[in-house]
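This report refers to the structure that appears directly beneath it.
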Amino acid sequence: MFIDSHAHLEMKEFNADREEVINRAGREGVNFIITVGTNLKLSLKAVTLADKYENIYATVGVHPHDAAKTNQNTLDDLKNLVKTHKKIVAYGEIGLDFFRNISPQEKQLELFGLQLELAKELNLPVVIHDREAHRQSLEAVQASGVRSGVFHCFSGDYNMAKKCMDLGFYISIPGTVTFDKSKTIQDVAARVPLSSMLLETDAPYLTPVPHRGKRNEPSFIVHTAKKVAEIKKITWDEVARETSINAMNLFGIKTPASAG
Ligand SMILES: [Zn+2]
């Protein structure tokens, strides 16, 4: 059993074969996929997918890249979406991207603060995007009082991971852990306990070895699980099982077996 805790099935990269990708994930043992909204339009598409497929759940939110294009109306629309759809299991991805700086940093910081408040009001865990903004991301989370969520596609060192875990957050390991030169994330995967870890593809991005260079998809999560198992010197089904339980706990997903 696997859960892909972060994919973007609503993106146009899957328009040609979305159904096939979803079915293939099921066949490869991916029980649930969290498809993650990055703006209002894509959040709506993510929710539509979750409504259509039993094994897909959605999140909604505005990515820091889109901060400059976002206003209170956008946030009101997202809030209404959450209130009218049961399969929205988290708020995000939200955060700070001081690497690409597509929106001005002040705008990103302002929107991040507003969305953390909104997530708290809606009582949802948050999915955080933090690129080259570790200190500022932690400060914003600390100030918000939000204590449930995940640092997606974790890109800090173990010190940073420790601070995130101390705030009650999960650390999500992406496919880049399979790259030979990714020593920092490999060290994080070695030292973060399984009980605080999620796995993700971030599909269509960050494709793991041996598919590197191709479009990523949820079924490839097995390669990330195998690499983490190799690093931790445990079996990959233990990695798959424990990280799946964590994702289900964070996102409030019940298996059909345990439901009712
Ligand atoms: Zn993402």
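Values in this text are rule-based calculations from the coordinates and carry no lab data. Note that the coordinates shown come from a computational prediction; the quantities given were computed from them, not determined experimentally. Using ideal geometry, Cβ is built from the backbone for each residue, glycine included, and neighbour counts are taken over all protein chains shown.
A compact table of results
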{"quantity": "Least to most buried among Ser172, Ser195 (fewest other Cβ within 10 Å first)", "calculated": "Ser195, Ser172"}
{"quantity": "Sorted by Cβ density within 10 Å, fewest first, the residues Ile245, Ile221", "calculated": "Ile245, Ile221"}
{"quantity": "Ranked packing of 110-122, 12-24, most packed first, by mean Cβ within 10 Å", "calculated": "110-122, 12-24"}
{"quantity": "Gain on full stretching of the segment that runs from Glu20 to Tyr158 - 0.36 nm per residue minus C-alpha separation", "calculated": "46.0 nm"}
{"quantity": "Centre separation in Å (Cα based) which lies between region 211-235 and region 97-156", "calculated": "26 Å"}
{"quantity": "R0 of 22 Å, Cβ-Cβ distance Asn71-Phe98: FRET efficiency to nearest 0.05", "calculated": "0.50"}
{"quantity": "Percentage relative contact order, region 2-251, counting C-alpha pairs under 8 Å, at least six apart", "calculated": "19 percent"}
{"quantity": "Estimated distance in nm for a label pair at Lys41 and His85, the labels positioned 7 Å out from Cα along Cα-to-Cβ", "calculated": "1.6 nm"}
{"quantity": "Eligible lysines near Lys107 by straight Cα distance, threshold 18 Å, same-chain separation 8 or greater", "calculated": "Lys69"}
{"quantity": "Residues Tyr91, Tyr53, Tyr170, Tyr158, sorted so that the one with the fewest Cβ neighbours within 10 Å comes first", "calculated": "Tyr158, Tyr53, Tyr170, Tyr91"}
{"quantity": "Cα coordinate range in the chain, projected on the principal axes (Å, largest first)", "calculated": "46, 40, 39"}
{"quantity": "Contour excess over end-to-end distance, with Cα ends at Asp166 and Glu106 and 0.36 nm allotted per residue", "calculated": "18.9 nm"}
{"quantity": "Computed E for Lys12/Arg212 - FRET, C-beta separation, R0 25 angstrom, nearest 0.05", "calculated": "0.70"}
{"quantity": "Rough spin-label spacing in nm, given labels placed 7 Å along Cα→Cβ, for Arg241 and Leu194", "calculated": "0.7 nm"}
{"quantity": "Cα gyration tensor shape for region 15-149, rounded if a/c is under 1.5, else prolate or oblate", "calculated": "prolate"}
{"quantity": "Residues listed by number, region 71-96, amide nitrogen under 16 Å from Glu121 label point at 7 Å toward C-beta", "calculated": "71-84, 91-92"}
